[in-house]
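Undergrad: Sharing a structure with you now.
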Amino acid sequence: MTLSSSAHVDTFCRDNLPPSDSWPDLLVDGPDVRYPVRLNCGTALLDDVVAERGGQRECLLAPGAKTWSYQDLLDSANRIAGLLSTELGVVPGNRVMLRGPNNPWLVACWFGVLKAGAVVVATMPMLRAAELRSVHEIAKIDLALCDHRFMDDLESAALDGVEIVAFGGAHDSDLTARISSQPTTFADVDTAADDGALLAFTSGTTGRPKATMHFHRDVLAIADTFSQHILKPNPDDVFAGTPPLAFTFGLGGAVIFPLRVGARTLLIEKATPVELAGHIADNGVSICFTAPTAYRAMIAAGCAAHLSTLRRAVSAGEHLDAAIWHAFFEATGVKIIDGIGATEMLHVFISAADDDIRPGSTGRAVPGFRARIVDLVGNTVEDGTPGRLAVQGPTGCRYLADDRQLVYVENGWNVTGDTFIRDEDGYFWYQARNDDMIVSSGYNIAGPEVEEAVLSHGDVLECAVIGWPDEARGSLVTAFVVLKDGVSSDDATALAIKEHVKAQIAPYKYPRQIRFVTELPRTQTGKLQRFRLRPDATSS
């Protein structure tokens, strides 16, 4: 693919793109994803919305804090862009790290960086010094903007040559004070649609993290595909969710999708499922983004009455099993929208909403994307046959200077690492991550299917299933179970769960071992880290 003339003075991002012949094929000719050659997504999501709908509309809400209007956000973003360009030496193409929980100042910084033509590198607020050093080693950070409460680990990381500017505090050196002398207008850098806008790091469970590069057009493409066709938001909606902005699922749900239509977004720094339900009730939230376990926990805690304003509940990051879907629907009348996305693809590419939902299925390819199931050599398999999920769309994998590009992209397709079955109606049914398939006594067993059966037992709160090495069978299906409060973790409970599973699915799939735990290992984005339950991990 031939790239257009870049506005980046610092050419690091383009210099470290993977070779063009290793890119996936991009579907950029559809009517929803045709963009001008020159495009700044910060301008499109903020300035253009203010011009069309007015600046006095409410934009950013935060529990216990002042509400920001669209004009407030625009003024602050312009001032930040001015500070970056005039005082902090940022030039187009520089990489600017953002660190902090979801709040209005983080969003203002996000827009300020884009307007200045720089590249956003958002990081999870709980990353430690060594992890932050890895980000810097890969992305070659030029400047860091950090919530004043999260400075310690960033300062401990000692990133060579990187100035750190705190935001959200009361000190004279804080960004919020320094921008006061900057004008509220700024001439946004005239970036190319295919200039880098974001370096998003995979929330990986193993190995060195990977940075995925997304262009300005990609940021709009996820709003104009998944959000437009599946969510169908309107300006009266109030968005909320728990994923951090560094997790692209959260970035879409908390920033890109609401601002694309002029809606409001409630920014929540941290919340338990019960606290999330309270925020939904207090703020009239209509569209919620969170993980399947949070939806399950809200219902288990009796929070259904707090969810009466919801019209959309979106789940991703982990498979949404049918039991959770039905329990939530029965309690609230809301049909959870499941979806699978990837940091490499920026957001969700398979999903379904409303009457198109088939509980237990992830859905169908989102308009603008196409998907198929392939075997180990890349041939499409027959419907009903398990295989590897391969996807194409207007977004796609571009690892920054990483040979693993050749693993993720095969013959122009993004191969996600998930095992699915496609049915004759084009619905995709999740089986497992490719490395979570369990082979026991010659049978191929999908761990998530067993998890769903275990979760349907009334005493179970959470469950993770792995294969435990066994000399006789190859692997034993082993379930790690978190019980509901008050349930005894004894042999009788384990036996009851086993018998329950045998009645739900083929008996050869039931967990031969059940291990009771108080919690399951997860990433900061909520993804289950099954590998940490395996013997080589638990013994280290």
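Computed from the coordinates by the stated procedures, all read-outs in this text should not be read as laboratory data. All of these numbers come straight from a predicted model, not from anything done at the bench. Virtual Cβ from ideal backbone geometry, glycine too; neighbours counted across all protein chains shown.
Undergrad: By how many degrees, 0 to 90 and rounded to 10, does the Cα axis of helix 273-283 deviate from the longest principal axis of the chain?
TA: Value to nearest ten degrees: 50.
Undergrad: Now, a different point. Would you work out the relative contact order for region 56-214, in percent, from Cα pairs under 8 angstrom that are 6 or more residues apart?
TA: Averaging sequence separation for qualifying contacts and normalising by length gives 23 percent for region 56-214.
Undergrad: Still on this model: Quick one: compute the contact order of the chain, relative version, from alpha carbon pairs under 8 angstrom and 6+ residues apart, as a percent. The partial results should precede the final answer.
TA: On the way: 1198 pairs, mean separation 69.8, N = 540.
This gives 13 percent for the chain.
Undergrad: How do Y508, Y399, Y295 rank when sorted from fewest to most other Cβ atoms within 10 Å of their own Cβ? Please list the in-between numbers first.
TA: Values: Y508 12, Y399 23, Y295 26.
Listing Y508, Y399, Y295 from fewest to most nearby Cβ atoms yields Y508, Y399, Y295.
Undergrad: Quick one: grab the alpha carbon gyration tensor of region 118-231, order the square roots of its eigenvalues as a ≥ b ≥ c, and give me rounded if a/c is under 1.5, else prolate or oblate depending on whether a/b is larger than b/c.
TA: oblate
Undergrad: How much space per residue, in cubic angstrom, does the convex hull of the C-alpha atoms of region 441-538 take up?
TA: Enclosed volume per residue, from the Cα hull, is 104 Å³.
Undergrad: To the nearest 500 deg cm²/dmol, what mean residue ellipticity at 222 nm is calculated for the chain from DSSP H runs of n ≥ 4 alone, each contributing -39,500 (n - 2.57), summed and divided by the residues?
TA: Estimated from H runs of four or more residues: -7000 deg cm²/dmol.
Undergrad: Using the Karplus equation 6.51 cos²θ - 1.76 cosθ + 1.60 (θ = phi - 60°), what ³J(HN,Hα) coupling, rounded to whole Hz, does each residue of region 385-390 give in order, writing x for Gly and Pro?
TA: 9, x, x, 8, 7, 10
Undergrad: Report, to the nearest 10°, how far helix 491-504 tilts away from the longest principal axis of the Cα atoms in the chain, using its own Cα long axis and a range of 0 to 90°.
TA: Relative to the chain, helix 491-504 is tipped by roughly 90 degrees.
Undergrad: Hey, could you grab the Kirkwood Rh for region 29-130? Inverse mean 1/r over distinct alpha carbon pairs, Å, one decimal.
TA: One over the average 1/r among Cα pairs gives 14.9 Å for region 29-130.
Undergrad: Convert each backbone phi in region 180-197 into a coupling constant with the Karplus relation 6.51 cos²θ - 1.76 cosθ + 1.60 (shift: θ = phi - 60°), then list the ³J(HN,Hα) values in order as whole Hz, x for Gly and Pro.
TA: Computed from phi, the couplings for region 180-197 are 4, 8, 8, x, 8, 10, 7, 7, 4, 4, 7, 5, 7, 4, 9, 7, x, 10 Hz.
Undergrad: Once both axes come from the Cα atoms, what is the angle between helix 104-115 and the longest principal axis of the chain, in degrees from 0 to 90, rounded to 10?
TA: Approximately 60 degrees, to the nearest 10.
Undergrad: Output the direction-averaged projected area (hull surface divided by four) of the convex hull of the alpha-carbon atoms of the chain, in nm².
TA: 24.5 nm²
Undergrad: Ok, one more. Greater than 30 Å separation of Cα atoms is the criterion. Which listed pairs, K232/K509; K232/K270; K232/K527; K502/K527; K66/K115; K270/K484, meet it? Mind dumping the intermediate values first?
TA: Numbers: K232/K509 39 Å; K232/K270 26 Å; K232/K527 26 Å; K502/K527 27 Å; K66/K115 24 Å; K270/K484 23 Å.
Where the Cα-Cα span goes over 30 Å, the pairs concerned are K232/K509.
Undergrad: What's the exposure ranking of K502, K527, K270, K115, going from fewest to most Cβ atoms within 10 Å?
TA: Listing K502, K527, K270, K115 from fewest to most nearby Cβ atoms yields K270, K502, K527, K115.
Undergrad: Amide H of D194 versus every other amide H placed in the peptide plane: which residues, excluding those fewer than 5 positions away on the same chain, fall under 5 Å?
TA: S4
Undergrad: Additional query: Please compute the net charge surrounding T43, taking Lys and Arg as +1 and Asp and Glu as -1 over other residues with Cβ under 12 Å from its Cβ.
TA: Cβ neighbours under 12 Å give a net charge of -2.
Undergrad: Which cross-chain or sequence-distant (5 or more) residues have an amide H under 5 Å from the amide H of S475, H modelled 1.01 Å from N in plane?
TA: S441, D470
Undergrad: Now a separate question. Quick one: P(r) of region 212-281 from all Cα-Cα pairs, 5 Å bins, percents rounded to integers, in order of increasing distance.
TA: The distribution over region 212-281 is 4, 16, 26, 24, 17, 9, 3, 1, given as percents.
Undergrad: Lys and Arg at +1, Asp and Glu at -1: add these up for the other residues within a Cβ distance under 13 Å of G112 and post the number.
TA: So the surrounding residues net to -1.
Undergrad: For Q529 and D172, what is the calculated FRET efficiency with R₀ set at 30 Å and r taken between the beta-carbons, to the nearest 0.05?
TA: Values: r = 42 Å, r/R0 = 1.41.
Once rounded, the FRET efficiency stands at 0.10.
Undergrad: Ranking H216, H148, H136 by Cβ neighbours within 10 Å, fewest first, what do you get?
TA: Ranked by crowding around the Cβ, least crowded first: H148, H136, H216.
Undergrad: Could you tell me the relative contact order of region 441-538? Use alpha-carbon pairs under 8 Å, at least six residues apart, and round to a whole percent.
TA: 28 percent
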